[in-house]
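Step one of this worksheet: look at the structure below.
The values are calculated or read from the model by the stated rules, or taken from the named source; none is laboratory data. What you see is a predicted model, and the numbers here were worked out from it, not measured in a lab. Positions of Cβ are generated from backbone atoms using ideal geometry, with glycine treated the same way; all protein chains shown enter the neighbour counts. Heads up: the accessible areas ignore ligands, DNA and RNA and are worked out on the full protein's heavy atoms, side chains in. Shrake-Rupley method; radii C 1.70, N 1.55, O 1.52, S 1.80 Å.
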Amino acid sequence: MSGIEKVNPNGQISLGKEYAGQTVLVDEIEPGVWLVKTGTFIPDNERWLHTPESKAKLDEAIAWAETTPLADNFAEIEATVHND
């Protein structure tokens, strides 16, 4: 996209229908100069999952789940649940 766009009264411009529904990062490099990038972004409340510590723990848990046979211990688990 290249061209001149007019900012509407709500402070918006159109990037074109090919970008409709996409998430973009808008970075103001300096006053009046913006860099717009399309991409996939991590929500703030999920960012902890992408730390090296969490990734290592998740990788360990997945490896365990892939190598450990399923146990039919539902009755045992049910007996430990307290019905208040």
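Before moving on, here are some points about what is shown:
- Taking Cα atoms only, the orientation of helix 52-67 departs from the longest principal axis of the chain by about 50 degrees.
- Pairs of Cα atoms nearer than 8 Å and 6+ residues apart set the relative contact order; for the chain it is 13 percent.
- Per the Debye formula on identical point scatterers at the alpha carbon atoms of the chain, with no solvent, log10 I(q)/I(0) at q = 0.14, 0.19 Å⁻¹ is -0.78, -1.06.
- Residues Phe74, Phe41, sorted by accessible area with the largest first, give Phe74, Phe41 [1.4 Å probe; ligands and nucleic acids excluded].
- Each label point was placed 7 Å from the Cα along the Cα-to-Cβ direction; for Leu58 and Val81 their separation is 2.7 nm.
- Count Lys and Arg as plus one, Asp and Glu as minus one, and take only other residues whose Cβ is under 15 Å from that of Lys55; the net charge is then -2.
- Length available on full extension from Tyr19 to Glu66: 0.36 nm per residue minus the Cα-Cα distance, which gives 13.0 nm.
- Ile13 sits among other residues whose Cβ lies under 11 Å from its own Cβ, and their net charge, with Lys and Arg +1 and Asp and Glu -1, is 0.
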